[in-house]
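What follows is a set of notes on a single structure, which appears directly below.
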Amino acid sequence: MQSKFLYILVFVLAFIAKAKSEAYTKTDNKEFYYVKTAEELIKKDLIASQKYLDSCLSQLETSPNQKVLFYAKLVKSQILTKQHRYEKAYSIANKTHGYFEAIGDEKALAKIHFIIGTYLSKNTLFSEALDEFWQSSNLFERTKDVENFVYARNSIGNCLFNLNRKDEAKTYFNFVKIYAEINKDSLMLYMSFKNLANAYDKQPEKAIVFYKNSISLGYKIEMYEELASLYLGLSKTFEELDNLDSAFFYLNKPLQSFNILRHKDKQRILIGLALLHSKSQNIDSATYYINQLKNFSDSFDDSRLEEDVYKLKSNLYSQQSNYKDAFFQLLEAYKINDSINKSAFSQSLNEIKEKYYYKQKAKQTEISKLEKENQVKQQEIKTLSFAIFSIFLVLLIIMGLFNASKQRKLNRSLNEKNEHINKSNIQLRNTINTRDRLISVIAHDIKNPLGAISGFGELLLMNWEKPEKVKQYASIIFKSATNLHALLENLLTWANSQTEQVVLKHTNINIFNLVQSTFNLLEAAAGEQSIRLKNNCNSEHSIFADSNTVQTIIRNITSNAIKFSNPKSSINILSEVNDKYVTIHIKDSGIGIKKEDIPKLFKQDMDREKIGVHKNKGTGVGLLLCKEFVELNKGSIDVQSEIGKGTTFSVHFPISKN
């Protein structure tokens, strides 16, 4: 029903638009004719439009006409908007608003609100821009300016999209699409296809259709500068569907005209190719495109691009198991990011100050001008002097209140930004401190097993003729290597979680089967101390979570239980269920944890001392990883322990959706 109503509404609007007479009857005012002609030429020939407007302005220098002058300023702001000089266009349009509001010209007011909305949206003030476009849309509808009404609705859709109200945005984009199809407006249709492709980012199959339509139409109407961006979006959509062949195919399309692409599009294409080749395990090709990006970064002195290069290199080294170089490349990226953020804040602050001082100066100039005009009027019309003075005083008070309100808003905005930056700096310092502490502890933990491997390897060489010694030393070397591997695996997983590279795939998981597969990995370690692993989980219990991260949680906690349990004891894992959660209890009868030390287990900034039956010490990365993974799966974790009697870790996960 709604769809039929939408089609009927668009048909009616289209009929009104075609029924309107396009003929323009010249007025006796030659300058006004030039202004109207300039406005009509904006969409067809921007240069010719500028010439007509200049002719009008030159005429107005000798015979000023206030009405024509304000219309000329409005057309000037429309031309500036087309030239992407949004701030200047906004400044001129804003100054004409009062005049057109006074004479009740709704057509002009509709255009002014549209120009102001465009300026605000370009400055990412989408909520404010949305209000302006709403006013513009209502005025265009009231004055039956159908084409501009549709453009205003499209701009409303863009604001809603940027405010993450995508379902509402789709309604407006579809409205524009239907209108464009009826009126065979290729440019507007292209625009609607492009917007719908972006809006359907959560429905890749639909997004692909709109991307292909916009690319096809883009070639016909010669929108070549935007095609690279569309191919990038299409390639990314296929990548999300794990269709790497199609992703490569469409990402390689813009390379055919690489030299004429915009700098930003070249960057995005190279980054996309590097990531795709890396994902496809094509290391040589990925390295080639990363080096191309490095050349771009050096040529244009682009810090943000340099940061991307370091992140890509880190990802590539990780795939090659070169975690040391991966770590240091990531560290360089963080340093550049910190420098960029500080520079951007300083630049933003200076821009705000410049705009504020410019507006204050303009207002002071306007006040001085009004004062002079007031003095002239007082001399000419003495009988109205008191009334004029009273009006002027009221205006001054209103302007003062307006300025004070604006200043308070500006100060509040600056305070909020400063508070946000301070929080970011504190978070960054905490991250750096945690990183430094972890590096120190990890270096110590890596040194011990490496020392054992080296020392006992030497003894093995010296006693190779004694089988019993060979077996003893080989066993020690194997244990040291196993511990080192577990440490590095936890460290890499934790590092990936810190850089948001962990991708969760939630499914229904049978607890009993998952615990049993984990026991298979840990049976050898438990057997060395004659520790029994008991799986008493209910085979009917299932959770809704990511299988890999849950197995990492259970493996780490069980491994710690083995490490700190007494020989010939047992570790029991059982499950229970309530309305919304399944709880997994991992119980051991080991040395236990002091009550005051339990809160420290999951804090990054705490030093831990863990002593088990073999005086094992750890970095604590495993438990930090467990806590992060539990929270990523929308669960929680708690600990109960008693010295000398053992420890119970309880992990709560959402119950299976079935």
From the Cα gyration tensor of region 98-156, with a ≥ b ≥ c the square roots of its eigenvalues, which class applies: rounded if a/c is under 1.5, or else prolate if a/b is larger than b/c, or else oblate? oblate
Using a 1.4 angstrom probe on heavy atoms only, work out the carbon and sulfur share of the accessible area of region 144-185 in %. 40
Entries in Lys595/Lys657; Lys73/Lys212; Lys95/Lys144; Lys206/Lys279 that, when Cα-Cα distance is taken, lie over 32 Å: Lys595/Lys657; Lys73/Lys212
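Looking at this model, which pairs from Lys253/Lys324; Lys409/Lys600; Lys194/Lys335; Lys236/Lys294; Lys170/Lys335 are more than 32 angstrom apart at the alpha-carbon? Write down the numbers at each step before the final one.
Numbers: Lys253/Lys324 36 Å; Lys409/Lys600 43 Å; Lys194/Lys335 36 Å; Lys236/Lys294 22 Å; Lys170/Lys335 40 Å.
Flagged as over cut-off: Lys253/Lys324; Lys409/Lys600; Lys194/Lys335; Lys170/Lys335.
Given R₀ = 41 Å, what would the calculated FRET efficiency be for Leu395 paired with Lys51, taking r from the Cβ atoms and rounding to 0.05? Let's see the in-between values first.
On the way: r = 39 Å, r/R0 = 0.94.
So, using R0 = 41 Å, E works out to roughly 0.60.
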With each pseudo-label sitting 7 Å past Cα toward Cβ, what's the Asn578-Ile643 distance in nm, one decimal? 3.1
Under a point spin-label approximation (7 Å from Cα along Cα-to-Cβ), what is the Lys220-Glu168 distance to one decimal in nm? 3.3
Built amide H within the under 5 Å cut-off of Thr507, gap 5+: Ala545, Asp546, Ser547
1.4 Å probe accessible area per residue over region 133-264, in Å²: 49
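Take the Cβ-Cβ distance between Lys417 and Asn337 as r, set R0 to 22 Å, and report the resulting FRET efficiency rounded to the nearest 0.05.
Details: r = 18 Å, r/R0 = 0.81.
Approximately 0.80, to the nearest 0.05.
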Compute the label zone of Leu410 within region 93-117: residues whose backbone N is under 11 Å from the point 7 Å along Cα-to-Cβ. none
Of all accessible heavy-atom area on region 505-592, the percent that carbon and sulfur account for (1.4 Å): 45
Would you please state which residues of region 211-240 a label at Glu181 would reach in this model, taking the label point 7 Å out along Cα→Cβ and a backbone N cut-off of under 18 Å? 211-218
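Hey, could you grab the Kirkwood Rh for region 518-574? Inverse mean 1/r over distinct alpha carbon pairs, Å, one decimal. Kindly include the intermediate steps, with their values, before the conclusion.
Working: mean 1/r = 0.0829 Å⁻¹.
About 12.1 Å for region 518-574.
The values are calculated or read from the model by the stated rules, or taken from the named source; none is laboratory data. Note that this is a predicted model, so its numbers are computed, not measured. As a convention, Cβ positions derive from the backbone with ideal geometry for all residues, glycine included, and neighbour counts pool all protein chains shown. Note: accessible area is taken over every heavy atom of the protein model, side chains too, but ligands, DNA and RNA are not part of it. Shrake-Rupley method; radii C 1.70, N 1.55, O 1.52, S 1.80 Å.
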